[in-house]
1. Could you check the range 323-334 and list, in sequence order, the residues that are free of Cβ contacts under 8 Å to residues at least 40 places away in the same chain and within 17 Å of the chain's Cα centre (by Cα)?
2. For Val313, are the conditions met, namely being surrounded by 15 or more Cβ atoms within 10 Å (Cβ to Cβ), in a helix (DSSP H, G or I) and over 22 Å from the mean Cα position of the chain (by Cα)?
3. State all residues of the range 95-146 that are touching a residue at least 40 places away in the same chain (Cβ under 8 Å) and among the β-branched types (Val, Ile, Thr); if no residue qualifies, say none.
4. Can you go through Leu183, Leu178, Leu188, Leu232 and tell me which one is under 30 Å from Gly44 (Cα atoms) and touching a Cys at 6+ places or on another chain (Cβ under 7 Å)?
5. Any residue at all in the range 45-60 that's exposed (fewer than 15 other Cβ atoms within 10 Å of the Cβ), assigned by TED's automatic domain parsing to the domain that holds Leu163 and not hydrophobic (A, V, I, L, M, F, W, C)?
6. Count, please, the residues in the range 262-282 that happen to be under 14 Å from Gly231 (Cβ atoms) and touching a residue at least 40 places away in the same chain (Cβ under 8 Å).
7. In the range 88-138, what count of residues is obtained for those that are hydrophobic (A, V, I, L, M, F, W, C) and in a loop (DSSP other than H, G, I, E, B)?
8. Output the residues belonging to the range 141-177 that are surrounded by 19 or more Cβ atoms within 10 Å (Cβ to Cβ) and among the hydrophobic types (A, V, I, L, M, F, W, C).
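The values are calculated or read from the model by the stated rules, or taken from the named source; none is laboratory data. Just so you know, these numbers come straight off a predicted model, no measurement behind them. No Cβ is skipped: glycine too gets one built from the backbone with ideal geometry, and neighbour counts run over all protein chains shown.
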Amino acid sequence: MSDVSFDTSLHAGPSSEKIARDRRAIRIWLYAVCLLILAMIVVGGATRLTDSGLSITEWEPIHGVIPPLSVAEWEEELEKYRQIPEYQLVNKGMSLGEFQFIYWWEWGHRLLGRVIGLAFFVPLVWLWARGRVESGLIPWLIGGFALGGMQGVIGWWMVASGLVDRVDVSQYRLATHLTLACLIFAYLFGLARYLALIPATVPRRPAFRGPYTGAAAALIALLFVQVFLGGLVAGLKAGLSFNTWPLMDGAFIPSGLWTMAPVWLNHFESALTVQFQHRMTAYALAIAAVWLWVSVMRNPAARHLSAVALALVLVIFIQMAIGIATLLGQVPFWLALAHQGFIVAVIAACIEFWTRTRFAARAA
């Protein structure tokens, strides 16, 4: 994230007490939206694991809030589902009750997306109208709302990929959808943490870079590569293969990683290569986090970062442990959901570390 700069000088402006109150209200609101995004990520994982994502074959942002209310309406929705390849090749003969099960997951996922949109838009308008949003913050909040709208469009773009020639959604589009959800969480959580770390009495200053700001940004970038790779793993159902650890197909570096032509396709369409990449990137994240923690502990000027650096190490290792258990168990439902949901904790720890290297020292 680039430096956020709000004018907090006290001349001819609101008091520092008012600024602090307004920022506290905005932080609470942003944290609440972040919790809703976490729920959305988990429900999205459940929708994928139950193969429910293609059960609603139309995109109706307004009318789609109302689910079928009669047997005739349910039959109409089922008939639409019968027209797509997933029904014809995978679920042919599905009963109405079985269809309702997958429909409710997808409907709930879409409804939660609409709830998040309202939970962001309505408080934004209310706080803005009451003069409780600093002028420098307004473009950042509008940007967050725009990202949410883009996520809705990408969600339908993902679903549309499975309605004609496939029995599932494109792994590329699924990975994009998941990655953007995590980016929106990071964006809003980063704004909230900035507002918490910069006191209202601090005037605008030049951008500050702490000794670990660049390393923290690189770690965040690597984490989002890993999120995208996780989306590819999910889209290809690669976690259902090679269910051993630490070896994979009998070796730490398995054979057959680059058998597809052209070679670059292996990195996106080979279940073996995609899972291998996901494993290796996890190891790289763990090593980088441990290095950061050790470096912080050895630097007396950075001891204020030691607790968050240790927390970062812990959440990454917990996420790895959940991922390994998910793999060994051949993707049990609850473990898979925990693995997808807990990535938010890793993102939050990375953002916290980054904001503290950039803003906590700046405000001191």
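1. Result: no residue meets the conditions.
2. no
3. Once the filter is applied, which keeps residues that are touching a residue at least 40 places away in the same chain (Cβ under 8 Å) and among the β-branched types (Val, Ile, Thr), the range 95-146 yields Ile102, Val115, Ile116, Val133.
4. Answer to the selection: Leu188.
5. Kept after step one, since they are exposed (fewer than 15 other Cβ atoms within 10 Å of the Cβ), are these residues of the range 45-60: 58-60.
Imposing the further condition that a residue be assigned by TED's automatic domain parsing to the domain that holds Leu163 reduces the set to 58-60.
Checking which are not hydrophobic (A, V, I, L, M, F, W, C) leaves us with 58, 60.
Taking every residue of the range 45-60 in turn, at least one turns out to be exposed (fewer than 15 other Cβ atoms within 10 Å of the Cβ), assigned by TED's automatic domain parsing to the domain that holds Leu163 and not hydrophobic (A, V, I, L, M, F, W, C).
6. Here the count works out to 7.
7. First, pick out the residues of the range 88-138 that are hydrophobic (A, V, I, L, M, F, W, C): 89-90, 94, 96, 99, 101-102, 104-105, 107, 111-112, 115-116, 118-122, 124-129, 133, 137-138.
This time we only want the ones that are in a loop (DSSP other than H, G, I, E, B), so: 90, 94, 133, 137.
Going through the range 88-138 one residue at a time, the tally reaches 4.
8. Result: Leu141, Met158, Val159, Val169, Leu174, Ala175.
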